[in-house]
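Reading through the structure tokens given below for one structure.
The values are calculated or read from the model by the stated rules, or taken from the named source; none is laboratory data. As the structure is a computational prediction, the values presented were derived from the model and not from experiment. Neighbour counts run over all protein chains shown; Cβ positions are idealised from the backbone, glycine included.
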There are 2 protein chains.
Amino acid sequence: MNQLIEALAKTKLFKGLTIGEIEDLFKRSRPVLQKFARDEYVAHATETCDYLMLLLSGEVVTYMEDKEGKILQLEAIKSPDVLASAVLFSTDAVLPVDIVARTDCRILFIRKDKILDYCQRNEKFLKNLLCDMGDRLLFLAKKLHELTFGTLRSRIAKYIVQHAKEDEFILPVSKEELARFFAVPRPSVSRVFMQFEREGILIQNGRKIKILDRSSLEKLSEKLGDDYSYGEL
Amino acid sequence: MNQLIEALAKTKLFKGLTIGEIEDLFKRSRPVLQKFARDEYVAHATETCDYLMLLLSGEVVTYMEDKEGKILQLEAIKSPDVLASAVLFSTDAVLPVDIVARTDCRILFIRKDKILDYCQRNEKFLKNLLCDMGDRLLFLAKKLHELTFGTLRSRIAKYIVQHAKEDEFILPVSKEELARFFAVPRPSVSRVFMQFEREGILIQNGRKIKILDRSSLEKLSEKLGDDYSYGEL
């Protein structure tokens, strides 16, 4: 339990709280720990959500899916972090996404009413929760901006610019994951990379990328607006 | 002031609170009232936002805009209602949208720290605020779902199905407003309506629509998923 609390103390939700204060929340709220295996569903979209979920170890991914099975990957979340904080308090408290374990993981469930109670006891916790909810909303607003205004070309350019500290670098994810991230078919991603190669912008070898013309990539990525930046994939 | 408090008592943010409780908040927080003329900017995207805004009279519209001036209309908000509740508490507290007065309107500004303070004093207010923030997040998630998965055809079909209680009805907005709502060029909207006409789905005469084949519209609109519904335009 102590290790667990130390992990949580590092998250945004518990920022500035003492170990004693976190213990106090846990004593009052009696959270339930649950384990999930890799690829297991933690929660399904449209399910009611009555618990705050704290991801203690492992990673999850959130998805949206349409009726025909087309998938948009929204976010990869690494532990320790909080999941679905905003939804919990909405009118219907219904999840807008699937949450799937990307690795084995452990999640702590705390009842909603206990969270409300603790917000009133601890101002720092209240501020942190409101901040986390606000940040989730802005994350979605940026995704919306990107999907409305960005072309796949400019989105991939931006992704490369943000992830390539050196001109030679390894893509942190596969092209299949990139395709899910951008909600496009896998071959469309490959096509953009091949175009970039033909235009002398980069050379690729699997995930290994060598950038030859960074300014073209930067020009393309500027179309998405300065304030857009990709989270962890 | 009394009229004002009665108007606010009807909003989601003050639901369940007594007039006395709302007066208490106002006494503590000393809100500032500001008037805006039609078409005036209430706030610009990327501006820092330190105040909770309560729309007391009139209507505002929220927009996203890209560097080339392409516009996506997100929401039309009628008084009384709260604006930008979630953003206020995010890490950077930066607005993701422009807020523009659609009519003359009056807005009450309450400092952020006063809101935090009141959350700790009044549990109902805390719950209402968290609920409003959660609902805004779900609104964005639905928009994202629609923009990712919907075609313009299915989106317009859904819009018609939801707004046509009778088979003969008047579109509540112009096609230009629809185009902004869907972030597409104006002629694309007209083209969809003309297609529908050619296919014997409806007859149009300006904003006057007569539906001939509702089941086709329903079939198209189902592609967007059951849980998607349009807010006020």
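Collect the residues in the range A:59-83 that are over 13 Å from the mean Cα position of the chain (by Cα) and in contact (Cβ under 8 Å) with a residue 24 or more places away in the chain, keeping them in residue-number order.
Scanning the range A:59-83 gives A:65, A:70, A:71.
Working only within the range A:189-225, note down all residues that are under 23 Å from the mean Cα position of the chain (by Cα), surrounded by 15 or more Cβ atoms within 10 Å (Cβ to Cβ) and farther than 12 Å from residue A:157 by Cα.
A:225
So which pairs qualify, if the first residue must be in the range B:84-111 and surrounded by fewer than 19 Cβ atoms within 10 Å (Cβ to Cβ), the second must be among the polar types (S, T, N, Q), the Cβ gap must be under 7 Å, and the two must be at least 6 apart or on different chains?
These pairs meet every condition: B:93/B:48; B:94/B:46; B:94/B:48; B:106/B:57; B:109/B:34; B:111/B:29.
Out of all the residues in the range B:106-114, is one or more of a type in the set (Lys, Arg), closer than 23 Å to residue B:20 by Cβ and in contact with a helix residue (DSSP H, G or I) (Cβ under 8 Å, 6 or more places away or on another chain)?
The answer is yes; a qualifying residue exists.
Can you tell me which of B:75, B:59, B:21 is within 26 Å of residue A:147 (Cβ to Cβ), surrounded by 14 or more Cβ atoms within 10 Å (Cβ to Cβ), acidic (Asp, Glu) and not assigned by TED's automatic domain parsing to the domain that holds residue B:177?
The unique qualifying residue is B:75.
Please pick out the residue among A:130, A:116 that is crowded, with 21+ Cβ neighbours inside 10 Å and more than 17 Å from residue A:44 (Cα to Cα).
The conditions single out A:130.
What are the residue pairs meeting all of these: first residue in the range B:136-149, first residue without any contact (Cβ under 8 Å) to a residue 60 or more places away in the chain and more than 7 Å from chain A (Cβ to nearest Cβ), second residue buried (at least 21 other Cβ atoms within 10 Å of the Cβ) and of a type outside the set (A, V, I, L, M), Cβ atoms under 7 Å, and 6 or more apart or on different chains?
Note: no pairs meet the criteria.
Which is crowded, with 18+ Cβ neighbours inside 10 Å and either in the same structural domain as residue A:128 (by TED's automatic domain parsing) or in contact (Cβ under 8 Å) with a residue 24 or more places away in the chain (or both), of A:42, A:32?
A:42
Does any residue of the range A:63-80 turn out to be at pLDDT 90 or above, within 14 Å of chain B (Cβ to nearest Cβ) and outside any loop (DSSP other than H, G, I, E, B)?
Among the residues of the range A:63-80, not one is at pLDDT 90 or above, within 14 Å of chain B (Cβ to nearest Cβ) and outside any loop (DSSP other than H, G, I, E, B), which makes the answer no.
Can you confirm whether residue A:82 is over 30 Å from residue B:122 (Cα atoms) and out of contact with any His (no Cβ under 7 Å at 6 or more places or on another chain)?
no
How about the range A:88-110: which of its residues are assigned to a strand (DSSP E or B), of a type outside the set (A, V, I, L, M) and within 14 Å of chain B (Cβ to nearest Cβ)?
Of everything in the range A:88-110, just one residue is assigned to a strand (DSSP E or B), of a type outside the set (A, V, I, L, M) and within 14 Å of chain B (Cβ to nearest Cβ), namely A:98.
Of the residues B:47, B:59, which single one is out of contact with any helix residue (DSSP H, G or I) (no Cβ under 8 Å at 6 or more places or on another chain), more than 23 Å from residue B:134 (Cβ to Cβ) and modelled with pLDDT under 90?
The match here is B:47.
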